Structure formats: C-alpha cells, structure tokens
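The values are calculated or read from the model by the stated rules, or taken from the named source; none is laboratory data. Since this is a predicted model, take the numbers as computed values, not measurements. Neighbour counts run over all protein chains shown; Cβ positions are idealised from the backbone, glycine included.
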Number of protein chains: 2
Amino acid sequence: MNSFIIQGNFLESETPNKLKISGQSFLPVENGQCRGVFPLIPEQYQGLPVTDFGDRLILPGMTDLHVHAPQFAFRGLGMDMELLDWLNTYAFPEEAKYAELSYAEKAYQGFVNSLLHSTTTRASVFATIHPEASLELMEQLERSGLRTYVGKVNMDRNCPDMLREESAKSALEQTERWIQAAMDRFANTKPILTPRFIPACSDALMSGLKELQRQYELPSQSHLSENYGEINWVRELSPASSCYGDAYDRFGLFGGDHPCIMAHCVHSGDTELDLIHRNGVFIAHSPESNINLASGVAPVTRYLELGLHVGLASDVAGGSNISIMQAMMHAIQASKLRWRLLDENVKQLTLEQAFYLATVGGGAFFGKVGRFANGYEFDAVVMDDSSLFHPQPLELRSRLERMVYLADDRNVFAKYVAGARLF
Amino acid sequence: MNSFIIQGNFLESETPNKLKISGQSFLPVENGQCRGVFPLIPEQYQGLPVTDFGDRLILPGMTDLHVHAPQFAFRGLGMDMELLDWLNTYAFPEEAKYAELSYAEKAYQGFVNSLLHSTTTRASVFATIHPEASLELMEQLERSGLRTYVGKVNMDRNCPDMLREESAKSALEQTERWIQAAMDRFANTKPILTPRFIPACSDALMSGLKELQRQYELPSQSHLSENYGEINWVRELSPASSCYGDAYDRFGLFGGDHPCIMAHCVHSGDTELDLIHRNGVFIAHSPESNINLASGVAPVTRYLELGLHVGLASDVAGGSNISIMQAMMHAIQASKLRWRLLDENVKQLTLEQAFYLATVGGGAFFGKVGRFANGYEFDAVVMDDSSLFHPQPLELRSRLERMVYLADDRNVFAKYVAGARLF
C-alpha cells in the first residue's frame, strides 16, 4: 500500500493568480493520492509513516507539454536560424540518426537521465519516425518512473528522404504496430499520435491517423502557428482552411473528442483561438524555443484570461534547457519584452501565473495532476535551496521566486510521481 | 617568475565577427603575459613548464562591466517592477543594511565566492555608500585574486534617508578618505568613482567628484538611459542637457579625459551615441537586467557597427545570474526578440559577437585583456564540458555555443588572472 505522510513546506497554485503556501505542514498520501495539506496530521491518518523534508520546499511535479527527445543531443547548438531552415539544417539530420537503434539507445539515455533529475514529473514527448527507436525511448522512460506520452512521429511529405515515411499506407501500418507494441509493454508511458505538422503530413496520412485515434482512443499532439514562414506555407498547402488550426480540425485531429496538445500558438488569430477554446486544445507554451528561433512571444496572459488550457514546454532543442523552472523564467522574461516592445495591452506574466502553468496548467493533460488537493495524484519535487546563499532568512514565496531564476538539477533533492519516490 | 606554457584547445575573438579556434595548441606565458598561440612550442620557450588541459576548452577570462555586489543577496527576487519602483522597494532597503559591517562581511562573502567560481576574471563593481563596507568588499576581492574596480556609491538627493549621504561636502570627504585607504591597501582592486545616477547626485557632489577624479586619476562609472521613467526624470532635473549623457558630461564625468563605464544605454538617441563615441565611453550591456526590469533591449549590434566600446554585464540583481556566459545567452536572445518584435533593421547578435563582448569588449577597459595574442595579460577560464552529454564528438565552436546555453559553475575547471592560477 502506497500510503504515507509528507512533512515540510508546501507551495501550490490555488488559482492562476494565487499561491497556496503551507509552511511546516503535513500531506497525507493514500494509495498515491493526495489528501490535502494540513497544519497537523488529521486523526484518521495518524499511524502512517512520516517523511520529513525539513525546511526544504515541496512543489507539485511539473509538466513538460512538448519536448523532442531526439533533439536533446544538440540542445544549445545551431541557434542561428529560424524554424524551417533550422529543421532542415539541424533537426532533421540529427533525427535521421535514430534509424540506427544503437545510436538511439545511447542518445536517449542522456535525455531520460536529464529529465529524471529535473523538476519534471510528466511529459509529452516527440520521438522520431522510427518505431524501434521510439519503443527504445519508451522502454527507458518506463524504467525511469516518469509518467509520459511518447509519439512516434509521422511525416510523409515535404521533408528530406532520410526522414520521410515511404507512403501514408506504410506509415499508418508501422504506426499501428508501434501502438500495439507500446500498449502491450508499458504502463507509465503511453502512445500519442504525432503528425509532425501540416506541411509534413499528407491528407491520406492525416485521415488514417484519425482512424487510429478512434480505434485505439489516443490523444494527439502537433505544432501550431509558431513561425511566419511556416504559417504562410500552411496557408498555401491548405487554402480551404480558415486558419492553421482548422487544417488539423478538418481531419478531426484538433481536440474535441480526444485530448490534443498544440505547441507554440505564437501567432494564433481569433478564429484559431476560438477553435482552440471550443475543442479544449492544450497550448504548450514554449518561450525559450520561441526566442531562440526568433519566432516571437505567445500572448500567454491573454490565453489565461480567455480560459484556454495552457502549460509550459521546454521544446528542447528549440529550447536549450530541459528545466521547466527555467521555462518559467523564460516565460516571465519573454512576456516582459513582449509588453515593452510590442503590446502594452497584454500583461506581463507573474510568478504566480508561471507557476500555475508549470504545475496545474500542463498537469491537467494528465488528469488530476499538479496540486496537493484531495484526489490529486501525488507528484512532487522536493527542492533544496541551501546552496543559494542568502545572509538572512527568506519567505517561502521568495525562495520559490529565486529558484525560478537560479535552481538547477543540484537543487532537486527528491521526486515523487503518482505516489512513487523516484529518488 | 610567472612563466609557463598552457596546452589545450584555445578559442578567442579575432574580430567581433570572427573566432580564432586553435585546437590542441600551446600558449607560452611570460611574466603573466601571453605570447600568442602556436601549434608547437616555439624554440625560445622550450624548457618552460607545461600545463596540459587535455580536451577542455580554454577561453579568455570574461569581464563583467557592471555588477552591484550588495544586491547579490537578493538576486532572483522581486522581479515584478520597473526600475524606479524596484530601487525603492528592493534595492535601497537591502543596500541600507550594509551600514552594518558584520552584515556586509557575511553578504559579500557570497558575492565574492560566486564571482570567483564564475567565468569572470575582471569586474567593475558597485558597492554602497558605506566606506567601511566598501573597503571590506575590496579586501575580500583583493584576496580572491580577481582584478576589479570597486566604487563606493555616491548619492545625496532623491533617495531614502537611510541611504542618502548627509551633504555633498561630507560625501566627498568620506569618498576621499575611502580612495586613500583603498589605494594604500590594495593592488588588484582599485577604486572607481561611482555617482549612482543623475537623479541621486547634486551638482555640488558631481563637481566635487570631478575634482577627485583629477586629483587621484580615477575612472568613473554610472547608469545611463535604462528606463523611460528614469530618462524623463533626468530631463526634468537637467533641462539644459542635450541628453542624459550630457548631464554627466557637463561635469566631465562622461569619459574623455578619464575612462568611464555607463551601464545599459537601452534608449540612447543619436546625440547621446555621438557623445559616447567621441568620449570613448564603455557601454555595459546588461541584457538580463533590461529584460527583468522590462526596460527594453539595447541595439547592441548597431553599437558594434558604430565602433563603440561595448562589454557585457550581469547587473546583478537587476540580472539574476552572475555568469557572463549566461549574459551572452541573454544578449543573443534579447537581440532576437528585439529584431522580431521591434525593429528588423537592427541585426540579431551572433555567437561570435556575444563572445567578443564578453572577452575583448569588456576586457579593453582593463587594458590588454580578453585575448591570447602577444602582449595580452593571461586571463583564462578552462571549461570542462564533459558533463554535457553528447552521443558524438562535437567541433570546438559547437562546444562553445552549447556552453553559452548550458554551462554553470561546475564547468569552470580552472581560472587564471594576469598569469596567476586562482584554482
């Protein structure tokens, strides 16, 4: 029985604009589920074993809504191009190497190890087109104890030969075999349908993926309105669509009946935002990537005001850093420059909002994840900030803020996912 | 005799747009001075002891042209305001604590230790108005082996009582005593005149500081054109000045006959840039701070094209991170958003340019510093990137680029300043 009590300082989001801070409190966990945070141990939980994390900070585990595992190897490299050139010059040649299983095995170890020691407990991951390498990644993620979705990527047009699936038909057959193998083998790591983006997917491929979605009840993920060149290209390829999002929606791969993540949404117009709202699409806000590839800055505070589902994403390797703490920093910083340089009507992102995106916002894609309230799965990271010197004691909110800017893997002291302690 | 040979992979800036990369080479150092990088040990240096850093990267030491030592304690905190409110709410109350020497002693240890283990070898530092605490900081910096300028801050108007010097006269007397004490006691750490900024300094104070400059032959440092509110305030306070820079120049505290650093220059107009050019003022480009305080982004590639002196600055605690590697990242990222959101006519900053700013650009304030060419002082950081996983070998330029995004103090393996090894 996976039941115990955690003692320490808890910080979580009550709403997008409000932190709930519980200094020196107790969190009973029953069968991996939170029972809420209390100043004293409630009578019915007395007798459960207590783990005391002292003065450290206990935060809900964070969700990375969009990350490319095969690009981890070249994070922080080739940051001198915009999206389409960057894909052709850096991303695609690297991804082609994953045809070789031994390369994938080695490279994915770096990714999984780094993800494990970050503040991330849940992630939705892009692999490559290669079924065997994708299963290898899932195997490694399964062993890590993290809870993840992984997508074998589909792409059958407008991409280099080395990364193009032969035909829609063979792509779909391979994808179905991969789905079946993944559903057989893994409990914590689940398949997610992953058409790369509209320019790289034929109509036949998209229609077939929708069939697979119905048959296997799978969510989907892709890219949306990241870069002007990309958006114009989609407009040419799909002239009948009212917006980029509609080019997915035509095939039923834009939320609605099945959960869906769309990365970026930097330049989404009102039509697209309406569709996102109506279909309950999750936006994976990827601030560092959107800076590095000079895409722009998504108006994320506006998305929160509109009541859209938004979470944070590292988008490695458009983003260099796999840390969602760093993504919080980049999200706040990017919103400030957007406010100063582009549009003072869209507010700057606050610490409270960034923390909400990192925990509740993205966590919601995985169910009741991202809080310590009764009924939520117990995902947590225990942060030790004793290495971050300060001559005087600091309040808990200040310690959280400081870690957004300064924490790295050394500060991640312990991690729980769905009630299981990973380290 | 401080003479030896360093062996390893050397990277340095040949021009703002060109890296000089010397894989597995030799750098003779005589009496702390570089003799250039050679593929083999030149005959006249044979016999000198060789230190082999293997496959690590050897970079010129970096210069932090603008950093507030007393603000180090609250880096990464209070990042929710613009400049003037931020000063009153966070910076000034913290700086007031340095009236107490025991607080200063403890707090400055955190700053000096962190600076020592960063890639910085030279820095120009703001202390507070307190002479004793400023000497304590200088004492600690002297012991560290870093080469620094430190300024006891002057401010006698428009600031809270707790941080206002009583009168221009007493401020100048205290400053002169501090200068004399510092010149007596320290070899590596030198005084620099530091009027905080025009709004906080009376005319009498500024005139007196110019007298001290003439008498003791000291450089000066201050802030310039960081934030719109600040700039408007200066316009009100100094209506006869043609620009903010001219408000310093009226008192002769804007370069020309003595070296001068001005931090920020985010919103400098053509008149001000002409004056900066004519007077040889060094611009301390502080990208992270300018983002965090929502000040904007200085058009730094334009400044390079104009042939201005520009270096990088952490500007802790407007900036959260003391690392000049991270400042390179922020400088590149900020330039991309400026290009995308504000003005496509000002080019994005390249890796080559950012590295130039971090080494040669800021180093020039300290003389022949920032290269390995013959006659330059031997400042170097030896970077070990073996913890940054990659499944295949990378070229040296790629390893440098990756470290800009991902290196931290763990990657700084060894450091030399003016020929002396600090660790």
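Determine whether segment B:183-199 contains at least one residue that is over 24 Å from the mean Cα position of the chain (by Cα), at negative phi, in the same structural domain as B:A298 (by TED's automatic domain parsing) and surrounded by 23 or more Cβ atoms within 10 Å (Cβ to Cβ). Within segment B:183-199 (the criterion being over 24 Å from the mean Cα position of the chain (by Cα), at negative phi, in the same structural domain as B:A298 (by TED's automatic domain parsing) and surrounded by 23 or more Cβ atoms within 10 Å (Cβ to Cβ)), the answer is no, since none of the residues qualifies. Scanning segment B:372-409 for residues that are more than 14 Å from chain A (Cβ to nearest Cβ) and buried (at least 24 other Cβ atoms within 10 Å of the Cβ) yields B:F372, B:E377, B:F378, B:D379, B:A380, B:V381.
In segment A:137-182, the qualifying residues are those that are part of a strand (DSSP E or B) and of a type in the set (A, V, I, L, M), and the one that is surrounded by the most Cβ atoms within 10 Å (Cβ to Cβ) is A:V153. Suppose the filter is within 26 Å of B:M328 (Cβ to Cβ), part of a helix (DSSP H, G or I), modelled with pLDDT of 95 or more and aliphatic (A, V, I, L, M); does B:V112 pass it? Yes, satisfied.
So is B:E105 crowded, with 24+ Cβ neighbours inside 10 Å, at pLDDT 95 or above and not polar (S, T, N, Q) or not? So B:E105 fails the test.
Does A:K18 count as in the same structural domain as A:M403 (by TED's automatic domain parsing) and under 26 Å from the mean Cα position of the chain (by Cα)? Yes, satisfied.
Of the residues making up segment B:2-26, just one is within 14 Å of B:Q46 (Cβ to Cβ) and surrounded by 22 or more Cβ atoms within 10 Å (Cβ to Cβ), namely B:F26. If a residue must be more than 10 Å from chain B (Cβ to nearest Cβ), under 21 Å from A:M138 (Cα atoms) and among the acidic types (D, E), how many such residues does segment A:72-118 contain? Of the residues in segment A:72-118, 2 are more than 10 Å from chain B (Cβ to nearest Cβ), under 21 Å from A:M138 (Cα atoms) and among the acidic types (D, E).
Those strands (runs of 3 or more DSSP E) of segment A:4-85 in which at least 1 residues are touching a Ser or Thr at 6+ places or on another chain (Cβ under 8 Å) and within 30 Å of A:H130 (Cβ to Cβ), considering only elements entirely within it, cover A:62-68. With respect to the conditions (1) over 16 Å from B:V281 (Cα atoms); (2) in contact (Cβ under 8 Å) with a residue 24 or more places away in the chain, B:P195 falls short on a single one, namely (1).
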